[in-house]
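**Q** The structure follows.
The values are calculated or read from the model by the stated rules, or taken from the named source; none is laboratory data. The structure presented is a predicted model; accordingly, all values stated were derived computationally and were not measured. A quick note on method: Cβ atoms are made from the backbone with ideal geometry, for glycine too, and the neighbour counts reach across all protein chains shown.
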Amino acid sequence: MSEPVATPASANAVQVDDTWLHHVSHVLRSNPVTLLAFVLFAGIVVIALFGPWIAPFDPMESNAARALEPPSLRHLFGTDNLGRDVFSRVIVATRLDLTISVAAVALSFVVGSILGSLAGYYGGWLDAALNRVLDMVMAFPLFVLAMGIVAALGNTVENIVYATAIINVPFYARLVRAEVNIRRDAGFVRAARLSGASDTAVLSLHIFPNALPPLMVQVSLNLGWAILNAAGLSFIGLGVRPPTPEWGIMVAEGANFIVSGEWWLAIFPGLSLMLAVFTFNLLGDGLRDIVDPRTRT
Amino acid sequence: MPGRLRTATLRVAQAVPVVIGVVVISFVLTRALPGDPAVYFAGPAADDASIAEIRSALGLDRTLPEQFLIYAGDLLRGDLGQSLSTGQPVAEDLARRLPASLELTGLALLLACGIAIPLGVLAATRPGSFADHACRVMVTAGVSLPTFFTGIVLVYVFYYLLGVAPSPLGRLDFAFIEPEQVTGFYLIDAAIAGDGETWMASAAQLVLPAVTLALFTLAPIARMTRGAMLAALGADFIRTARASGLRPKTVIYTYAFRNALLPVVTTLGMVFSFVLGANVLVEKVFAWPGIGSYAVEALVVSDYAAVQGFVLVMALLFVALNLAIDLLYTVIDPRVGFDGV
Amino acid sequence: MQTSRRGFLKTSSGVLSAAALPFLKMLPAEAAARDVVVAVTGQTINSLDLHRKGTNRPSYQVAVNCYDRLVSFGTKSTPDGGLSYDSSVIEPELAESWTISADGLTLTFKLKSNATFWDGSKVTAGDVKWSFDRAVSAGGFPTVQMKAGGLIRPEQFIAVDDETFVIKLDRASKLTLPDLAVPVPFIINSKVAKANATADDPWAMEYLHKNPAGSGAFKVLRWVPGEQLVYERNESWVGGPLPAVKRVVLREVPSPATRRALVEKGDVQLSFNIPNKDAKELAEKVDVFSTPIENCIHCVGLNYTFEPFQDPDVRKALAFAIPYEAVFQTAAYGRGAPMWGGDASSDSIEWPRRSPYSYDMEKASAHLAKSAFASGFSVPFSISLGLADWMEPTALLIQESLGKLGIKTTIEKIPGANWRTANLVEKRLPLHLENFGGWLNYPCYYFFWAYKKGHLFNSSNYHNAEVEQLVDETLHLATDDPAYAPKIKRLFEIAFEDIPRIPLWQPALNVAANGSSGYEFWFHRQLDIRPLKGA
């Protein structure tokens, strides 16, 4: 491993903030797609926060007489096999899907960062042991591991979050470990140590912040992936329990109706799912541009 | 090179604890699954006595450590046990199904590379242009679709509505029998047998599932190609090459691309092992007799031996793949050594 | 063209290839359809031997199609124009004739003298004895099912000579003869089996698992678990009329949407066990047979170990709070037969029958108000993941309705492996859905399994001393015995008064045919390919 090319971000906050903001606005102006991603993201957050008030119908209320109606002015996205309003369900599901992915990613972020920092900073047997454990998790077929965990623990929202978090931990731990490892003997670290800072302080205040930019990119990409993962679990039947609206379950159940012509059951939640994942992915790309100026010309 | 051989041996040695760990974890995980295979497989109308008989026949009445020792002993003899749901030895099941998954995944990746790498290069040579943004939006849209959803929509449109795709019935239509087994890859086996019709038939069956998977894998490959190309194009030696008056095409394809290949290959390895595990859902939609659908079915009925066998095979594949990539590294870039991580 | 691997259909005799070639869609389709039927199913066949431990339900069809029994059931027409087995008629299969002694304890069967196994050897009484011995010794489900007919020990079976087989019973029972017509007591070529038996495996379980050795209408040409099973006609079958089709290809397609598309487009000739919704919608385009499954009821189970359900008013409140019609239309798409709103004073002993309950929220509230749980309670509502297609909508509608009474339910989907354990073996699910169906078509048989204490399908932990006694008294009694009907009526009365299982509807087994005919419904709910015809 060679020394890092880019100069590490220092603690000199004020100056950095200024140029950073400038850089962000530059990136956003020059990259309409990233701008779009930020707008979409804001929209999703708004829907997640105010979904229950936006939804025109009770997402749980069935109406057998109006089952499987195609989209109309009354039911924008049609109704499902129990006569529930698909539009309301799609809207209300936003919060849960966002919660699952954010919680899962946050959990793997925290656990992965701690493990990775310790391994990267102290090295030695700790590093070796962690590496082997991560290898082990990575060697598992990840989706099947998630399935197994949910099947073993029971299909509740928490367990879906745990399963998704566990299969994501190695990515964060690896990343943080690498970022910490290359800096543990850097000049600014030595200086901090000489000035009497404890290991914890050096690690958390001086070294770890440098790993944040690439981590943010990983987070945003992972948010999308976490949603897809939960949707996949639902498709197998190991998702959130009914009647709670969730995009993955709606797509999975609606998928069986496509052949009989009731396309709206799967298409609309599918598009929402896609839009959300799409937003997170674009956001990740955009963040990468912002945090890693080298990739811009 | 003896040095390379030694490092390879070292790599294999490092993989041993990983594989052992995977064996232990998969054993524990399957035992933690809810449900009692003995009850499930005793069938309808079974009474307590018959359930107990099945339990002892399956060895499930022993303690967990005992069960593990028996399992480990069998493993050492190469016996992966019997699958309860298919009634076949797990090793046989996997041997038959693995080529199906590998063929599908491999073709999907090939397809994805064919599209994503040129797209990535294109995007990298004109960063910030309309083409760059278009590529990005396109590949991101692909990875944002749940694969099972894409699969069902493709079946609906191309088979049900348009009638151009063959019936989504697995690897071959009814009328054909699988080509004589050499590799287990129908395309290769049919080619070896010189049987054009079977080749066409199995290729036709592959198209939709491969496209479904390829759509999903475009993004990481394109993204990594773009990133690696940008990094390579920004490097000093490219500046030197440009300055010394080499044609832009030569610079891009000979110098930059070769140097960008390394991270792309790594990504490919990661994507391959990821997709092999993730095409579970695609296999389900297309009735594809691969190991993914096998694992799902096994997991749902707590078919211990089958789940463990699947996990073990995937882990071995993963280790082998990583090793292959590491070795490939030294070929692509001789400066890379094995020390460090 | 040389011998290619293109079609296994082509590889055998000239006659066969001519019949099979059209399959390649190169020649006119009519010729193919007559001789070959392609069927799809969503389930996996995991063994060719029903007696083996771990053999799953879908595999039972191999016992039906590839093996013979001594006797079989007759055939009748159903109201919708389809065919069904007839539980009231027992017909010969391998037995030419049989006599029952006056005391009902000795059954003597005369075997068909021209009956041969696939390898050409004669079917003898020795083979029958060996097969029956195997069924009662194998343990697990086959042994339990044999026991239902009073067939318990090998000593009960005697091969008098090559063509005479005798069964000695401990007690006379109306269930014995029908139990010989279920898939379990199938007759195996014991010479072949013994040749492949080992000291560890005296019943040749390993061999017959993959290599059937029978005398049945079809042989297995190919079997790839998880993919397909190919049957080929046995030209010298004597168990019944020779099947019309030479070959049946059974493909396993897990996705129901794909199966629907296949049969709708005519790429397959038969789709077995299709969802109710498809049955309703496809009925306009292809031939759909929806046969109510005899002696089977989808019901809501109320577990007595859960305190509120010990209160009869709570149970009745629930029985009145179910929106039956909406459930039937939403979950079953109107396929099957309603099991609610019956006439309590009905004098018939027909079963399944409608319960006296119907959707009436006022009565439900009144009953709940009378109970000790007037303000409601919370309870998990368990359904099986594998049966979610009807259980989920049913549970959702019931959940909504119970919510209005103040009974809060949370729906739990339990994976297939755990479902049987939790629901039937441990019987620990307070509120759940249940779908037992008895193979032998007698009400007493249903009550035996579903209402007797400790019996497998009594998922409600129901116990009533009178029911125990009535079931014991009626189980072996002939249905025309004057004591039978009054006792059965009393059973109905108790079952509806105590209502530990709330009947919802009698489900239907749906089959779509597009280019094949002759489908016949069987109680075992597996595909009997013998009567199938091409278009």
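**Q** Looking at the range B:46-89, which of its residues are under 30 Å from C:PHE436 (Cα atoms) and β-branched (Val, Ile, Thr)?
**A** B:ILE51, B:ILE54, B:THR86
**Q** Can you pull out every residue in the range B:298-321 that is part of a helix (DSSP H, G or I) and either at pLDDT below 80 or of a type in the set (D, E, K, R) (or both)? Spell out how you get there, then give the answer.
**A** In the first step, residues of the range B:298-321 are kept if they are part of a helix (DSSP H, G or I); the result is B:298-300, B:304-321.
If the condition is that a residue be part of a helix (DSSP H, G or I) and either at pLDDT below 80 or of a type in the set (D, E, K, R) (or both), then B:VAL300 is the only one that fits.
**Q** For the range C:204-226, what are the residues that are of a type in the set (Phe, Trp, Tyr) and either in a helix (DSSP H, G or I) or within 13 Å of chain B (Cβ to nearest Cβ) (or both)?
**A** Scanning the range C:204-226 gives C:TYR207, C:TRP223.
**Q** So, one more: Looking at this structure, is B:GLY35 closer than 15 Å to B:LEU312 by Cβ and outside any helix (DSSP H, G or I)?
**A** Answer is no for this residue.
**Q** Next question. Considering only residues that are closer than 15 Å to C:ARG260 by Cβ and free of Cβ contacts under 8 Å to residues at least 24 places away in the same chain, look in the range B:152-169 and name the one that is farthest from the other protein chains (Cβ to nearest Cβ). Let's see the steps before the verdict.
**A** From the range B:152-169, those closer than 15 Å to C:ARG260 by Cβ are B:152, B:155-156, B:159-161, B:167-169; that's our starting set.
Filter once more, so that each one left must be free of Cβ contacts under 8 Å to residues at least 24 places away in the same chain: B:156, B:160-161, B:167.
Values: B:TYR156: 5, B:TYR160: 5, B:LEU161: 10, B:SER167: 5 Å.
That would be B:LEU161.
**Q** Looking at the range A:219-242, I want the residues that are on the phi > 0 side of the Ramachandran plot and have a partner that is outside any helix (DSSP H, G or I) with Cβ atoms under 7 Å, at least 6 apart or on another chain. Which pairs are those?
**A** A:GLY237/C:LYS413
**Q** Could you tell me whether A:ASP127 is surrounded by fewer than 22 Cβ atoms within 10 Å (Cβ to Cβ) and away from chain B (no Cβ under 14 Å)?
**A** Against the criterion (surrounded by fewer than 22 Cβ atoms within 10 Å (Cβ to Cβ) and away from chain B (no Cβ under 14 Å)), A:ASP127 does not qualify.
**Q** I'd like to verify a number: residues in the range C:189-201 that are part of a helix (DSSP H, G or I) and either without any contact (Cβ under 8 Å) to a residue 24 or more places away in the chain or surrounded by 19 or more Cβ atoms within 10 Å (Cβ to Cβ) (or both), how many?
**A** So the answer is 4.
**Q** Sticking with this one: Under 9 Å between Cβ atoms, which residue pairs at least 6 apart in sequence (or on different chains) link something in the range C:110-134 that is farther than 15 Å from C:PHE165 by Cβ with a partner that is among the basic types (Lys, Arg) and in a strand (DSSP E or B)?
**A** Listed by first residue and then by second, the contacts come to C:ASN114/C:LYS122; C:THR116/C:LYS122; C:TRP118/C:LYS219.
**Q** Please find, among B:THR125, B:THR183, the residue that is within 11 Å of another protein chain (Cβ to nearest Cβ) and hydroxyl-bearing (Ser, Thr, Tyr).
**A** Numbers: B:THR183 fails: within 11 Å of another protein chain (Cβ to nearest Cβ).
None of the other options fit; the residue is B:THR125.
**Q** Just to verify a result, which residue in the range C:139-150, among those that are buried (at least 22 other Cβ atoms within 10 Å of the Cβ) and either more than 7 Å from every other protein chain (Cβ to nearest Cβ) or in contact with an Asp or Glu (Cβ under 8 Å, 6 or more places away or on another chain) (or both), is farthest from B:SER50 (Cα to Cα)?
**A** The qualifying residue farthest from B:SER50 (Cα to Cα) is C:GLY149.
**Q** Also, quick follow-up: Mind checking which residues of the range A:213-254 are more than 13 Å from chain C (Cβ to nearest Cβ), of a type in the set (Gly, Ala, Ser) and farther than 26 Å from C:GLU281 by Cβ?
**A** Residues satisfying the conditions are A:SER220, A:GLY224, A:ALA226, A:ALA230, A:ALA231, A:GLY232.
**Q** Can you tell me which condition C:MET339 does not meet? The list is (1) buried (at least 20 other Cβ atoms within 10 Å of the Cβ); (2) within 14 Å of chain A (Cβ to nearest Cβ); (3) at pLDDT 90 or above, and all the others hold.
**A** (2)
**Q** So, one more: A:GLY120 - would you say it is over 23 Å from A:ILE236 (Cα atoms), small (Gly, Ala, Ser), within 14 Å of chain B (Cβ to nearest Cβ) and crowded, with 21+ Cβ neighbours inside 10 Å?
**A** yes
**Q** Could you list all residues from the range C:475-519 that are among the polar types (S, T, N, Q) and either modelled with pLDDT of 95 or more or under 30 Å from C:LYS265 (Cβ atoms) (or both)? Reasoning before the result, please.
**A** Of the range C:475-519, the ones among the polar types (S, T, N, Q) are C:479, C:506, C:510, C:514, C:516-517.
Selection gives C:GLN506, C:ASN510, C:ASN514, C:SER516, C:SER517.
**Q** Restricting to the range C:386-437, name every residue that is surrounded by 22 or more Cβ atoms within 10 Å (Cβ to Cβ), at the interface with another protein chain (Cβ under 10 Å from one of its Cβ atoms) and β-branched (Val, Ile, Thr).
**A** C:ILE414
**Q** Which of the residues that make up the range C:227-262 are over 23 Å from the mean Cα position of the chain (by Cα) and within 14 Å of chain A (Cβ to nearest Cβ)?
**A** Matches in the range C:227-262: C:ALA257, C:THR258, C:ALA261, C:LEU262.
**Q** For B:GLY87, state whether it is in a loop (DSSP other than H, G, I, E, B) and at pLDDT below 85.
**A** So B:GLY87 fits the description; yes.
**Q** Could you tell me which residue of the range A:255-268 is modelled with the lowest pLDDT, considering only residues that are touching a helix residue (DSSP H, G or I) at 6+ places or on another chain (Cβ under 7 Å) and more than 9 Å from chain B (Cβ to nearest Cβ)?
**A** The residue in question is A:SER260.
**Q** Only one residue in B:ALA306, B:ALA256, B:ALA260 is within 30 Å of A:ASN256 (Cα to Cα), surrounded by 19 or more Cβ atoms within 10 Å (Cβ to Cβ) and not hydroxyl-bearing (Ser, Thr, Tyr). Which one?
**A** Step by step, each of B:ALA306, B:ALA256, B:ALA260 is checked, and only B:ALA306 is within 30 Å of A:ASN256 (Cα to Cα), surrounded by 19 or more Cβ atoms within 10 Å (Cβ to Cβ) and not hydroxyl-bearing (Ser, Thr, Tyr).
**Q** If you go through the range C:162-201, how many residues are in contact with a Phe, Trp or Tyr (Cβ under 8 Å, 6 or more places away or on another chain) and small (Gly, Ala, Ser)?
**A** 4
**Q** May I ask you to list the residues in the range A:31-84 that are surrounded by fewer than 16 Cβ atoms within 10 Å (Cβ to Cβ), over 25 Å from the mean Cα position of the chain (by Cα) and in contact (Cβ under 8 Å) with a residue 40 or more places away in the chain?
**A** A:PRO70
**Q** Could you tell me how many of the residues in the range B:25-60 are more than 30 Å from the chain's Cα centre (by Cα), facing another protein chain (nearest Cβ under 7 Å) and at pLDDT 80 or above?
**A** 0
**Q** Follow-up. Since B:ALA306 meets every condition but one in (1) more than 9 Å from chain A (Cβ to nearest Cβ); (2) under 12 Å from the mean Cα position of the chain (by Cα), which condition does it not meet?
**A** Condition (2) is where B:ALA306 drops out.
**Q** Among the residues of the range B:82-91, is any touching a His at 6+ places or on another chain (Cβ under 7 Å) and within 14 Å of chain C (Cβ to nearest Cβ)?
**A** Yes, some residue in the range B:82-91 is touching a His at 6+ places or on another chain (Cβ under 7 Å) and within 14 Å of chain C (Cβ to nearest Cβ).
**Q** Check A:VAL137, A:VAL110, A:VAL92, A:VAL105 and return the single one that is out of contact with any Phe, Trp or Tyr (no Cβ under 7 Å at 6 or more places or on another chain) and either within 13 Å of chain B (Cβ to nearest Cβ) or of a type in the set (Phe, Trp, Tyr) (or both).
**A** Of A:VAL137, A:VAL110, A:VAL92, A:VAL105, the one residue that is out of contact with any Phe, Trp or Tyr (no Cβ under 7 Å at 6 or more places or on another chain) and either within 13 Å of chain B (Cβ to nearest Cβ) or of a type in the set (Phe, Trp, Tyr) (or both) is A:VAL137.
**Q** Anything in the range A:131-173 that is assigned to a helix (DSSP H, G or I), closer than 23 Å to A:ILE100 by Cβ and of a type outside the set (A, V, I, L, M, F, W, C)? List them, or say none.
**A** Of the residues in the range A:131-173, the ones assigned to a helix (DSSP H, G or I) are A:131-139, A:142-153, A:157-173.
With closer than 23 Å to A:ILE100 by Cβ added as a condition, the list becomes A:137-138, A:142-153, A:157-173.
Hits for the range A:131-173 are A:GLY148, A:GLU158, A:ASN159, A:TYR162, A:THR164, A:ASN168, A:PRO170, A:TYR172.
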